[in-house]
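Novice: Take this structure first; my questions come after.
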Amino acid sequence: MRGLLAAALVCVAQIAGAQEETALADGALLRGLDKVSGAVHDIALRSGKSIEIGNLHVALGECRYPVANPVGDAFAHLNIQNVDTNDTVFKGWMIASSPALNPLEHARYDVWVLRCAMAETSGE
């Protein structure tokens with residue numbers, strides 16, 4: 001029993017140690033897809049700002065990136081609402097390296113995160 005408990009504690013310690021340090025970016029680069037027309041749009045969006053993609057209102061709360069590898073990944077907190085019904089269709093974190101982990105579920109539009117944007121380095 002003690003061996004099992006010790007193994008469990010080692011696993012928890014490894015998971016806790018695997019978390020990477022992140023930093024806050026000025027904004028994010030998103031990609032929007034209209035599944036009907038096939039139109040693709042890349043959108044630079046600053047934190048705290050929003051934009052409309054078709055009938056979706058997309059608001060970026062913040063974008064975080066790994067300090068050790070700024071271009072390696074992006075974690076963006078998005079709030080996406082249907083303009084016509086004012087229903088929230090997505091609210092949460094999207095991860096650039098794993099877009100299928102927490103995707104937007106919408107019949108016509110797809111939105112995902114490409115990377116964080118830092119004004120001092122990218123001009124976005």
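The values are calculated or read from the model by the stated rules, or taken from the named source; none is laboratory data. Being a predicted model, the structure only gives us computed values, none of them experimental. Cβ coordinates were reconstructed from backbone atoms using ideal geometry, including for glycine residues, and neighbour counts include every protein chain displayed.
Novice: Under 6 Å between Cβ atoms, at least 6 apart or on separate chains: pull out the pairs that start in the range 71-90 with a residue that is closer than 14 Å to residue 32 by Cβ and end on any residue that is of a type in the set (Gly, Ala, Ser) and modelled with pLDDT of 95 or more.
Specialist: Going by the 6 Å Cβ cut-off, the qualifying pairs are 76/28.
Novice: Pick from the range 99-115 the residues that are closer than 13 Å to residue 60 by Cβ and either without any contact (Cβ under 8 Å) to a residue 12 or more places away in the chain or of a type in the set (A, V, I, L, M) (or both): which of them is surrounded by the fewest Cβ atoms within 10 Å (Cβ to Cβ)?
Specialist: Residue satisfying both the conditions and the ranking: 114.
Novice: How about the range 33-52: which of its residues are surrounded by fewer than 20 Cβ atoms within 10 Å (Cβ to Cβ) and in a strand (DSSP E or B)?
Specialist: Correct list: 33, 34, 40, 41, 42, 43, 44, 46, 50, 51, 52.
Novice: When the range 108-124 is examined, which residues are found to be assigned to a loop (DSSP other than H, G, I, E, B) and either modelled with pLDDT under 95 or among the aromatic types (Phe, Trp, Tyr) (or both)?
Specialist: 118, 123, 124
Novice: Pick from 97, 50: which is polar (S, T, N, Q) and within 13 Å of the chain's Cα centre (by Cα)? Don't jump to the end; show me each part of the working.
Specialist: Working: 50 fails: within 13 Å of the chain's Cα centre (by Cα).
The match here is 97.
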